[in-house]
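Structure first, then comments.
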Amino acid sequence: GSLEKTLNLRGVKFDWKEKGKGNDQLGFIAQEVEEVLPDVVNEVDSLGDRHGETHKVVNYQAVVPVLVEAIKEQQSIINRLEEKLKDLENKIGE
């Protein structure tokens, strides 16, 4: 199921709303990730001008194992397709 979950993630380029934080950041939108991988999203207290509010954050380290398993699933599919291709090439060559 890791491949399907990975395919449902959407990487984005974004700018922080708060001044002083970098622009053109790469990542995920926490609310979107939460729909696919709820265990990797946490709600935390906001700081600065938004003190007293909360916001959602993605634990990017927790996404890595899902991505690794998705790569393994993909490799398994590739291996099976390569075997089928070899079988077809052998049948054509006969």
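The packing ranking of peptides 4-15, 81-92, 25-36, highest mean first, is 25-36, 4-15, 81-92, where packing means the average number of other beta carbon atoms within 10 angstrom of each residue.
For the chain, a crude dipole built from +1 on the beta carbon of Lys and Arg and -1 on the beta carbon of Asp and Glu, taken about the Cα centre, is about 220 debye to the nearest 20.
Every pair of different Cα atoms in the chain enters the Kirkwood calculation, which places the hydrodynamic radius at 16.3 Å. Ligands, DNA and RNA left out, the accessible area of the chain computed with a 1.4 Å probe is 52% carbon and sulfur.
Using a cutoff of 8 angstrom between alpha carbon atoms and counting only pairs six or more residues apart, the relative contact order for region 30-94 works out to 22 percent.
Each of 12, 30, 44 was placed along the dipole of region 2-44 (beta-carbon charges, centred on the mean Cα), and the one lying farthest toward the positive end is 12. Distance between the 7 Å Cα→Cβ label points at residue 68 and residue 50: 3.1 nm. Selection among 3, 74, 92 by position relative to the dipole of the chain gives 92 as farthest towards the positive end (Cβ unit charges, Cα centre).
The values are calculated or read from the model by the stated rules, or taken from the named source; none is laboratory data. Because the structure is predicted, anything quoted here is derived from the model rather than measured. Heads up, the Cβs are rebuilt from the backbone with ideal geometry, glycines too, and the neighbour counts pull from every protein chain shown. Side chains are part of the model used for accessible areas, which takes the heavy atoms of the whole protein and leaves out ligands, DNA and RNA. Shrake-Rupley method; radii C 1.70, N 1.55, O 1.52, S 1.80 Å.
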